Each structure stands twice: as structure tokens, then as C-alpha cells.
Amino acid sequence: MKIGILTSGGDCAGLNPVMRAIAKFCYLNIKNTEIVGIPDGYGGLIRGESVCMHEADFENILNQGGTILGTARTPFKMMTVPEEDGETRLERMLANYKKMQLDCLFTLGGAGTHKTAALLSAEGCRVIGLPKTIDNDIYGTDVTFGFHTAVDVATEAIDRVRTTAASHGRTILVEIMGNKAGWLTTYSGIAAGADLVLIPEIPFHLDTVCDAVERTYRKGKSCCIIAVAEGAILDDEAAKKKKERTFIRAERGETTVTAHLAEEIGACTGAETRGTVLGYIQRGGDPSPYDRLLCTRLGSYAAKLAKEGRFGVTAAVSGSAITFNALSDIAGKYKLVDPDSEIVRSAESIGVCFGRK
């Protein structure tokens, strides 16, 4: 069996361990296994680039962050748009899939990667997806690999911010990745004991936020910590499209909602406010033990699916089990935080404010 592997979209901890598990299973359980790595995600497949891999290439990468194959973002909406020569990117990928004589292609990536994987599958390619993203927003799986490592990183960062906030008596807003989904902010914010957690799924009221900040200090606390998802929105912005919100913020001379919120809180409460953006440190670094184990289970399971000839699917976590979903069933769908979920309500029951009235 000739197998292709690519990693697409934003990097995160866990990509290397998944590839390692796929390779180890295939070399041990599938006769005459040949593995080729496709560099830079779908970009490499579009260009027809591949690298012959060997067993030694997959050793010593279990605890290594990033991806040994490199990755890049290739927008799904451009896949079927004819380019200057009249050929689409999808057509090039299909042609190169055949030229490489692949029996199976493993695609490790997030929601966008899965949409393209479903497109390739619908055109006859034998594809198996694996759910990667720190946003944890892939539909049909309880958890994605890379998420828990990012939670660990963000939680530790908030813990560190708290000590300087307490020393200076400040309100500090910590901006966490998550444009559409607030899973990372919710988990790390609660785990770090943030006083407020603001996520895209629950538009926040400025008055509610300011009241919560003032209430924090009235309780005698020396500081206030606010975990803010980068996609968090004000209640009066909720009905607007993303482009409209971006324009409004640009008009105010601000790039993020965090900057605007910090200014408004300071003006409303008189508290000394600061904002910090965690940025790409949430993606980087070595995978946690949890993710190393999860990646081993997902990768070996996906390879088992290939051996059984089950394609057009993506591996998934359901409870304590590893299972799969049809790519056609989950592509283009997102898993978002339910505002009435147990995790949100339990946090609110102990005084965490999500900014709603």
C-alpha cells in the first residue's frame, strides 16, 4: 500500500505523534507499506510534490511539536476556482494524486482541511481525515488533538499573568485564540480561575462586564483576570457580519475587541487595565502527555481503517472510544460551545461571569 500524509492549516502540538502512529501501524501491519510525505499541506499536493519517507523518519517525534512535513493554509473557497491556465486547484490535486499512485491519503487538519478532504473523497480519492485544531471545533468529535496542550499552555500563561496583576492591583485581559469557537478560552479561563470568560457564542454586555469587574474588587480581591476569546463580540455587534465588526473596530483605531474592552473597562470602573495577547505560543511547544496518548490512539485507528479499506471518513473521539464519521457528514459543520451547557452553567454557579445579562 502506498500512503500519502499531509498536514494542513495552522500547526499545533500533536501532528508529529499522529504521523508516527500511522507509520508504525502501517509498517507493522500492512505488507509492502510505502509512505510519502506531502509538504506544506494541500499546497504540496497542488504542486505535485512528495518526499519518500522511511521508518527512521518517524522515530523520536512523539514529543516534538509542529510538523516535520510543514504546513500551510489553502483556502477551501479557492479550490474550484479556475486559475490563469483554466485549471482549478482541485483538478491539479486529483491529477497529482493519480500521478503519485496513492492507495490512501491521510489528511491531518481542522475544519477547512476536512472540507477539502471531503471534496477529494467525492471525486474518488481514498481519503482518511484526522481531527486537528486547538479550537476543538470540529463537528462530530468530542475532542481534537492539540486542544489539551493549548489549554495547558493558556492556563499556565493566565496563572503567570495573575501574579503580576495582583502585584500591581490591575485588571488584565488575556486574549486567547478562537475566532468562531470559545472552547479554548472556556477551558483555560475556568482552569486558571479567571473572573470573567468572554467567548464568541455568548455576546457580552459592556455594563455586565464592568459590574463584574467592580464586584470582584468589592470582594476584596487584589486583581481581576478576564479571559477573552479573539472572536468575542459585544452584544450590539452580534447581528453584524465579521467584516462590519472589523470596520467598526478599525474606525475606533483598534484591531481587537480586547483593546476596546480594556479601554472601556478603565473608563467605566477606574481600574488600571492592561491587555496581553498570547498569540502563537498557544500553538507551539511539545504535545502534552494527554495529547501524545490521544494522537497514538487516533493515528493507529486511522491506519487500521486504511487496512480495512474504509475510506471517505475521519477519525473521531466519542466518550472513551475512538470511532469515525463520514467526511460528507461533518465537512463544513462546526462544534460550538453551547451557552447553556453544563460547563458554562457550572462556572456561572461559582461566580464566573460570561458577560450576559
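The values are calculated or read from the model by the stated rules, or taken from the named source; none is laboratory data. Since this is a predicted model, take the numbers as computed values, not measurements. Every residue, glycine among them, receives a Cβ derived from its backbone with ideal geometry; neighbour counts consider all protein chains shown. Calculation scope for accessible area: heavy atoms of the full protein, side chains included, ligands and nucleic acids excluded. Shrake-Rupley method; radii C 1.70, N 1.55, O 1.52, S 1.80 Å.
Among the trypsin sites (Lys or Arg not before Pro) within the stretch 1-107, which fall in a DSSP loop and have no more than 14 other Cβ atoms within 10 Å of their own Cβ?
Filter output for the stretch 1-107: 31.
Can you give the percent of C-alpha pairs in the stretch 250-353 whose distance is more than 16 Å?
Roughly 78 percent, once rounded to a whole number.
Provide, for q = 0.19 Å⁻¹, the log10 of I(q)/I(0) from a solvent-free Debye sum over equal Cα point scatterers in the stretch 93-145.
-0.63
Could you tell me how many degrees, from 0 to 90 and to the nearest 10, lie between the Cα long axis of helix 147-168 and the main elongation axis, the longest principal axis, of the Cα atoms of the chain?
Relative to the chain, helix 147-168 is tipped by roughly 20 degrees.
By the scheme Lys and Arg +1, Asp and Glu -1, what is the net charge of all other residues having a beta-carbon under 13 Å from that of residue 323?
Every neighbour counted, the sum reads +1.
Using Cα atoms only, what is the angle between the long axis of helix 89-99 and the major principal axis of the chain, expressed in degrees (0 to 90) to the nearest 10?
Long axis of 89-99 versus the principal axis of the chain: about 40 degrees.
Counting Lys and Arg as +1 and Asp and Glu as -1, each charge on the Cβ, what is the dipole of the stretch 36-122 about the Cα centre in debye, to the nearest 20?
That gives a dipole near 320 debye.
Could you give the distance between the Cα centres of the stretch 98-119 and the stretch 231-295, to the whole Å?
32
Just to be sure I follow: if Rg is taken over the C-alpha atoms of the stretch 245-302 and Rh is the Kirkwood radius over the same atoms, what is Rg/Rh?
Over the Cα atoms of the stretch 245-302, Rg/Rh equals 1.30.
On average over all directions, what projected area in square nanometres does the stretch 136-177 have, based on the convex hull of its Cα atoms?
3.4
Where Rh is the Kirkwood radius over the Cα pairs of the stretch 161-250, the temperature 10 °C and the viscosity 1.306 mPa s, what D in µm²/s does Stokes-Einstein return?
Using the Kirkwood radius from Cα pairs, D works out to 116 µm²/s.
Where nothing but the Cβ of Lys and Arg (+1) and of Asp and Glu (-1) is charged, how large is the charge dipole of the chain around its Cα centre, in debye to the nearest 20?
560
Kirkwood hydrodynamic radius, the stretch 196-238, all distinct C-alpha pairs: what's the number in Å?
Mean inverse Cα-Cα distance, inverted, gives 11.0 Å.
Can you give the calculated 222 nm mean residue ellipticity of the chain, where each DSSP H run of n ≥ 4 adds -39,500 (n - 2.57) and the sum is split over every residue, rounded to the nearest 500 deg cm²/dmol?
Taken over the chain, the calculation gives -12500 deg cm²/dmol.
Angle, helix 289-308 long axis vs. longest principal axis of the chain, Cα atoms, 0 to 90°, nearest 10?
So the inclination is approximately 30 degrees.
Ignoring the sites themselves, what is the longest stretch of the chain with no GluC sites (Glu not before Pro) in a DSSP loop and at most 16 other beta-carbon atoms within 10 Å?
124-253
Order of 60-72, 289-301 by packing, highest average Cβ count within 10 Å first?
Sorting 60-72, 289-301 by mean packing, highest first, produces 289-301, 60-72.
From the Cα trace of the stretch 111-225, what convex hull volume per residue do you get, rounded to a whole Å³?
For the stretch 111-225, the hull spanned by Cα atoms encloses 100 Å³ per residue.
Sorted from largest to smallest, which semi-axis lengths in Å does the alpha carbon gyration tensor of the stretch 31-164 give for its equivalent ellipsoid, taking the root of 5 times each eigenvalue?
In descending order, the three semi-axes are 31, 20, 14 Å.
Which value, in nm² and rounded to one decimal, describes the direction-averaged projected area of the C-alpha convex hull of the chain?
18.9
Using only Cα positions of the stretch 136-292, each an equal point scatterer, no hydration layer, compute I(q)/I(0) via Debye at q = 0.14, 0.15, 0.21 Å⁻¹ and quote the log10 values to two decimals.
Debye intensities relative to I(0), on a log10 scale: -0.69, -0.79, -1.37.
Once neighbouring chains are kept in place and the probe is 1.4 Å, which whole percent of the accessible area of the chain is contributed by carbon and sulfur?
Here carbon and sulfur together make up 49 percent of the probe-accessible area.
Eigenvalues of the Cα gyration tensor times 5, then square-rooted: what semi-axes does that give for the stretch 1-88, in whole angstrom, largest first?
27, 16, 9
Give me the base-10 log of I(q)/I(0) for the stretch 30-70 at each q in 0.15, 0.25, 0.29 Å⁻¹, Debye formula, one uniform scatterer per Cα, rounded to two decimals.
-0.43, -0.94, -1.03
Checking the cross-link filter: which lysines have an alpha carbon closer than 26 Å to that of residue 77, excluding same-chain neighbours under 8 positions apart?
Leaving aside lysines fewer than 8 places away in the same chain, those within reach of residue 77 are 98, 99, 115, 132, 180, 240, 241, 242, 243, 333, 335.
Which one of 71, 141, 82 has its Cα pushed farthest toward the positive end of the charge dipole of the chain, where Lys and Arg give +1 and Asp and Glu give -1 at the Cβ?
The residue sitting farthest along the positive end of the dipole is 141.
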